[in-house]
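Read the structure below first, then the notes.
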Amino acid sequence: MKKIDLLTPVGILIGLTMVLLAIQTNTAGGNLVFFFQWASILIVFGGLTAAILINFSASDLKLLPGVFKESFQTQEHDLQELIDTFSDLSTRARREGLLALEAGIEDVKDPFIEKGVLLAVDGIEPEVIKDIMMAEVAAMEERHRKGRYIIEKAGEYAPAWGMIGTLVGLVLMLQNLNDPSTLGPNMAVALLTTLYGTLLANLVFLPVANKLAISTEDEVFVKQIVVEGVIGVQSGQNPKILQEKLSAFLPNHSKARQEEEEEIIND
């Protein structure tokens, strides 16, 4: 189940707030206007947009809104509930046969589990089931990678365009050394473009890309549990053995809690 992940916007907000507070407390009169330069904004954002458009196709860029949306959501996985689900499926399969699983498969909310169980019901060999399901996992990883790659490249390009803006500002400053009134504005363009580019890369693009990578790893991990569970059900493994096998995927603290619960039940 996906929920709104407040950590992403809160993290960005905290980062911006700290930077602005640092600026305000160290500028005369706390004037933040000095750090707002249209020329710097045009160079960084305009250059970054142009580079992204050149680097990717229209079909790739269509993924971008959905990718950013994913970074503001979190997927909760109850691994213990997932293991219990396969334990129940295994018990039912051994008691009533694999064909009996088809009747109650609509109660399974995860399409990936449903697909695996239906493959098992159809009598497909375990190796083939694993190949089919892992192919779907690989396809999911590739889709996520393509969307994440756009953000990663934006994180690379943003500081580069900041440096380009710095060079532009320095050239303008050197061309007008005889006019002291232009030195300040040109130096501001030179330095602020680097600030904008670096801030965008290290506060937005790279953290978001890394968060998406971690989310993909978590999803792949869960799907691996599903694959092992489906194979266990299809091969007729003892429910207790299957549960123990799948419990190896649980983190240590979850295993300890599970053992405590089993001790309470046995007592």
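The values are calculated or read from the model by the stated rules, or taken from the named source; none is laboratory data. Every value quoted in this text rests on a predicted model; they were computed, and no experiment measured them. Every residue, glycine as well, gets a Cβ built from its backbone with ideal geometry; the counts of neighbours run over all protein chains shown. Quick note on the areas: whole protein, heavy atoms, side chains included, nothing else; ligands and nucleic acids left out. Shrake-Rupley method; radii C 1.70, N 1.55, O 1.52, S 1.80 Å.
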What order do you get for 66-74, 9-17 when each peptide is scored by the mean count of other beta carbon atoms within 10 Å, highest first?
-> 66-74, 9-17
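Roughly speaking, what is the stretch gain from Asn176 to Ala160, that is 0.36 nm per residue apart minus the C-alpha to C-alpha distance, in nm to one decimal?
Residue separation times 0.36 nm, minus the Cα-Cα distance, leaves 3.3 nm.
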Where is the GNM fluctuation largest for the chain (alpha-carbon springs, 10 angstrom cutoff): Ser40, Ser215, Ser247?
-> Ser247
Descending principal axes extents, the stretch 12-112, alpha-carbon based, whole Å | 78, 37, 16
For the stretch 173-229, state what percent of all Cα-Cα pairs lands in each successive 5 Å bin, counting from 0 Å until the bin that includes the largest distance.
-> 4, 16, 12, 10, 10, 8, 8, 7, 6, 5, 4, 4, 3, 2, 1, 0
So the compactness index of the stretch 94-192, its C-alpha Rg divided by 2.2 N^0.38 Å, takes the value 2.37
Spherically averaged projected area in nm², based on the convex hull that wraps the Cα atoms of the stretch 44-87 | 5.1 nm²
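Output the relative contact order of the chain, whole-number percent, from Cα pairs under 8 angstrom with separation of 6+ residues.
Taking the mean separation of contacting Cα pairs over the length of the chain, I get 30 percent.
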3J(HN,Hα) from dihedral phi, the stretch 127-132, Karplus parametrisation 6.51/-1.76/1.60, rounded to Hz, x for glycine, proline = 5, 5, 4, 4, 4, 5
Long-range share for the stretch 205-244, i.e. C-alpha pairs more than 12 Å apart as a percent of all pairs, stands at 65 percent
Rank Leu174, Pro159, Leu89 by how far each Cα sits towards the positive end of the charge dipole of the stretch 50-198 (+1 on Lys, Arg Cβ; -1 on Asp, Glu Cβ) and give me just the farthest.
-> Leu174
Taking the chain, the lysine pairs whose C-alpha atoms sit under 18 Å apart (8 or more places apart or on different chains) add up to 22
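What is the magnitude of the charge dipole of the chain about its Cα centre, with +1 placed on the Cβ of each Lys and Arg, -1 on the Cβ of each Asp and Glu, and no other charges, expressed in debye to the nearest 20?
It works out to roughly 1360 debye.
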With charges only on Cβ, +1 for K and R and -1 for D and E, what is the dipole size of the stretch 45-104 about its Cα centre, in debye, rounded to 20?
-> 240 debye
Computed from the beta carbon distance with a Förster radius of 35 Å, FRET efficiency for Leu118 and Ala213 to the nearest 0.05 stands at 0.70
Kirkwood hydrodynamic radius of the chain from all distinct Cα pairs, in Å?
-> 22.7 Å
Order these peptides, 177-190, 199-212, by their mean beta-carbon neighbour count within 10 angstrom, highest first.
-> 199-212, 177-190
Surface accessible to a 1.4 Å probe, Ile241 within the full protein complex, Å² = 110 Å²
Out of Ala22, Ala93, Ala213, a Gaussian network model of the chain with alpha-carbon springs under 10 Å gives the largest mean-square fluctuation to Ala22
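Determine the order of Met134, Met140 by accessible area, beginning with the largest, at a probe radius of 1.4 Å.
Met134, Met140
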